[in-house]
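The values are calculated or read from the model by the stated rules, or taken from the named source; none is laboratory data. Owing to the predicted nature of the structure, the values given are computational and were not obtained by experimental measurement. Counting neighbours? That spans all protein chains shown, and the Cβs are built from the backbone with ideal geometry, glycine included.
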Amino acid sequence: MVGKVNPQLVFVHGIGGLRNAEAEQREWLRALATGARAAKQAELISALTQGWLADVRFADYSDLLTTKGAQGATLGSELDEFEEQVLSGLLEAMVDELAQQFPPETSTGDARVIEQARHHLDALSSGNSAQGVGGFARQIVWVTTTLLQLPGLRQTAQWANGQAFASHLSQVARYLNRKGDKASLGSAIRSRVLEGLDPTRPLVVVSHSLGTVVAYEALHEYEGQVALWVTLGSPLALGGVVLQRLVPRPPSCPEKVGAWHNFWDRNDVVVGRPRLAKWIAPSSKGVKAQTAPVKSGGVWTHTATKYLEHAKVAGPIVEALLP
């Protein structure tokens, strides 16, 4: 008698420092179990957390982005012009999203912080930024340090200071850089995500933040069938920053994906909101992103575990893992 073959479940993380893959896998699974309970699938929690339901892997590529000389802790003068454009564009998009939550006309403390951050960005784009070696980095750190004055970001985000915040955001720019030998970083990251996968077995991919960009390109390379791809807090639809720089182009759902669920929080300043479903074309089989909002507490809602704790997020993932 042939034994049961478990499906594969792969978690793909986003920006940040060095990871403890084993510990983070447990955290993501606990959050998914919380969501499964909320989705009234409590009977599957033990099977999920104990590894009976699926073979789970946390695809950790953090060391590729945080090695010495790769801006693991600080933002120096290593960014090239392309990476500077992407990083400043990403911050502009974040400030725009924050301004929608705290409009200038409200004259609140939060609104004033956001306008101050915009002032620093405007100075950068107008050429009035700090001059000399590292001038761009200093100006960007002024922006991120200003944003960390927002109580929600200061209390719940993962950064101790503006340097770390800017450095981690720059990982998006570095991943997207296709120039010369810098393209090897993105290739190595995608290989890390795909390594060990068996194309003959069912696969469910849960990706977050920068991980959704990595997964988009990796799944275009993957030869096996993907039963479900879930994107959380995705910047894929940030038009001038990410969308136009994806490979392959024009952007479309990876051909091997059977279903794609995208979730965004209205308070998540990193996401492209519902535009993702409109701006990324369906696959030749008609599969496209099915987008749904969730609502978490606090200003900083851009964490994978906050998303996974929602019933509407966890429910489809657990169902896709069932025999």
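Would it be correct to say that GLU81 is surrounded by fewer than 19 Cβ atoms within 10 Å (Cβ to Cβ) and either closer than 23 Å to VAL214 by Cβ or at pLDDT 85 or above (or both)? Give the steps one after another, and end with the answer.
Values: surrounded by fewer than 19 Cβ atoms within 10 Å (Cβ to Cβ): yes; either closer than 23 Å to VAL214 by Cβ or at pLDDT 85 or above (or both): yes.
In short, yes.
Which residues, taken from the range 95-107, are closer than 16 Å to LEU148 by Cα and either without any contact (Cβ under 8 Å) to a residue 12 or more places away in the chain or of a type outside the set (Val, Ile, Thr) (or both)?
Quick first cut of the range 95-107, residues closer than 16 Å to LEU148 by Cα only: 95-99, 101-102.
Within the range 95-107, ASP96, GLU97, LEU98, ALA99, GLN101, PHE102 meet the criteria.
State which residue is modelled with the lowest pLDDT when the search covers only the range 267-300 and only residues that are within 16 Å of GLY35 (Cα to Cα) and in contact with a strand residue (DSSP E or B) (Cβ under 9 Å, 6 or more places away or on another chain). Outline the logic, then answer.
Applying the first criterion (within 16 Å of GLY35 (Cα to Cα)) to the range 267-300 yields 292-297.
Going one step further and asking which of them are in contact with a strand residue (DSSP E or B) (Cβ under 9 Å, 6 or more places away or on another chain), we end up with 292-296.
Details: ALA292: 92, PRO293: 88, VAL294: 89, LYS295: 85, SER296: 76.
Here the residue is SER296.
Output the residue which, of all residues in the range 95-121 that are modelled with pLDDT under 85 and in a helix (DSSP H, G or I), is surrounded by the most Cβ atoms within 10 Å (Cβ to Cβ). Ranking the qualifying residues of the range 95-121, first place goes to LEU98.
Against the conditions (1) assigned by TED's automatic domain parsing to the domain that holds SER209; (2) of a type in the set (A, V, I, L, M, F, W, C); (3) crowded, with 18+ Cβ neighbours inside 10 Å; (4) modelled with pLDDT under 90, VAL56 satisfies every one except (4).
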